[in-house]
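The structure appears below as structure tokens.
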Amino acid sequence: MPGRILIADDVTTNRIVLKVKLSQAFYDVSQAASGAETIAIARETSPDLILVDLNMSDMSGIEICASLKSHPETSGIPIIVVTSVNDHDAKIGALEAGADDFMVKPLDEATLLARARSLLRARATDLELMRRDSTCREYGFAESRTEFDTPANIAMISAAPETARRWKNALASHSASTVQIMTKESALQPPSTQTVPDLYVIEGDLDRPNEGLRLLSEIRSRAETRHAAVIMVLNPPLHEQAVTALDLGANDLMQSGFQACELILRAKTQVCRKRQADRLRTSVEDGLRMALIDPLTGLYNRRYAEPQLAQIARRADVTGRRFAVMMVDLDRFKAVNDTYGHAAGDEVLIETARRIRSALRGADLVARMGGEEFMIAMPDTDQADAQAAAERIRVAINEMPFHTKRGGPIHITTSIGLTMNTHRDVQTLLEVADNALYHAKARGRNQVTIAA
């Protein structure tokens, strides 16, 4: 689906010219002729990007920007303020109001489209992370948390050390951020030797033309730094270099010779966005982890285990190697809960999971299937090794009593059903192992039964 862009300008000709440029790039373009109409359309349709003229008939572009950024339904929409006059005070006012950029007419079409692509990518990423976060919360996989932001770590990279020091001084005097001067080489050092910056401010031309762009490409290609924010500082004219920088993943652009207040505002915006994306990303990762991990024992749950077992079976079909499946169940576990309480029962389950895990190889899959029942899959294993592992688990649980905060010692035994893979499907394998477990229970418990 193409990005949805709202053009806000009280001059019809200006709107038409912009619409033609954007429509040719297959964006879905809507128009507003006043500030009030812009705000109404934005709240109703939530466009992915807004281009707003600085001087509208009923309010200024800065006032429109401030209104949109103050409303929860529109605060995340990227905004570019467009003007026919290169006014420094107006630029600072727009950035203070929350604008993402300030562009002067006549607009270079290539630069405009590159800036639109950059902001639309960022918007799409934010929306996707928010949707995933919302889904996790709806299903109860993630819990809200209180965040306390630490000062940002910002790196300045320039061909001239005195230039980098000037940038550093501009930020350090107005921010609690940690600002460091880096070279191209130090920026590419492994993260174990340094703290990865939240924001890089990089000069487009370092020791040779476009070397800063090559550094940007390296930063975006590395897992440790790809989520960092990057502001590129370019020499005029910006057009070709600006397009390249934005398409390589720069978050923002500045023209060399900028004033300190502009750097402060742009750095603040980029750090805030980066931190918000980090929070959402962490929330999504936590939610996915909670969807797949049993919260009590820390083992995988059934939702994760069954697809993984299917993968092990497919791999065995290809390699011709055997694998084992076990079902493990604590004997008479209900008596533990009835005698000592469910809190003590939980402690027993946690310790059981630890003992099972310690008796197996790192490559083996262990999952809690529910209650006091566990499933184990051992890839690349013959029956003798699988039976020996099952006996280790049985002995580890049986020979050492469990001590809990509610009392003890508690003596527990376990029954285990074991089957080796054939050409059965996953559900059949689990049923066969479960039947073997049932026979172990029926034969007196505290034993390993191998399915025929």
Screening 202, 231 for residues that are modelled with pLDDT of 95 or more, touching an Asp or Glu at 6+ places or on another chain (Cβ under 8 Å) and within 27 Å of residue 80 (Cα to Cα) leaves only 231
Practice item. State yes or no: is residue 320 closer than 19 Å to residue 422 by Cα, out of contact with any Asp or Glu (no Cβ under 9 Å at 6 or more places or on another chain) and without any contact (Cβ under 8 Å) to a residue 24 or more places away in the chain? Key: yes
Picked from the stretch 428-452 (must be touching a residue at least 24 places away in the same chain (Cβ under 8 Å) and under 14 Å from residue 310 (Cα atoms)), the residue surrounded by the fewest Cβ atoms within 10 Å (Cβ to Cβ) is 430
| message | For the structure I just gave you, tell me whether residue 350 is buried (at least 18 other Cβ atoms within 10 Å of the Cβ), within 27 Å of residue 426 (Cα to Cα) and in contact (Cβ under 8 Å) with a residue 12 or more places away in the chain. | response | no
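Scan the stretch 24-56 residue by residue and report those that are closer than 23 Å to residue 127 by Cα, free of Cβ contacts under 8 Å to residues at least 60 places away in the same chain and open to solvent by 30 Å² or more (accessible area, probe 1.4 Å). Explain how you work it out, then say what you get.
At the first step, the residues of the stretch 24-56 found to be closer than 23 Å to residue 127 by Cα are 25-31, 38-52.
Imposing the further condition that a residue be free of Cβ contacts under 8 Å to residues at least 60 places away in the same chain reduces the set to 26, 28-31, 38-47, 50-52.
26, 28, 30, 31, 40, 41, 43, 44, 45, 46, listed by residue number.
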Going through the stretch 276-292 in order, the residues found to be more than 11 Å from the chain's Cα centre (by Cα) and open to solvent by less than 40 Å² (accessible area, probe 1.4 Å) are 291
Reported set for the stretch 135-176 where residues are polar (S, T, N, Q) and either modelled with pLDDT of 85 or more or more than 19 Å from residue 275 (Cβ to Cβ) (or both) is 135, 153, 158, 163, 169, 173
Those residues of the stretch 303-352 that are closer than 30 Å to residue 406 by Cα, in contact with a strand residue (DSSP E or B) (Cβ under 7 Å, 6 or more places away or on another chain) and either in a helix (DSSP H, G or I) or of a type in the set (Gly, Ala, Ser) (or both) come to a total of 7
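The values are calculated or read from the model by the stated rules, or taken from the named source; none is laboratory data. Not measured: the values here are computed from a predicted model. Using ideal geometry, Cβ is built from the backbone for each residue, glycine included, and neighbour counts are taken over all protein chains shown. Heads up: the accessible areas ignore ligands, DNA and RNA and are worked out on the full protein's heavy atoms, side chains in. Shrake-Rupley method; radii C 1.70, N 1.55, O 1.52, S 1.80 Å.
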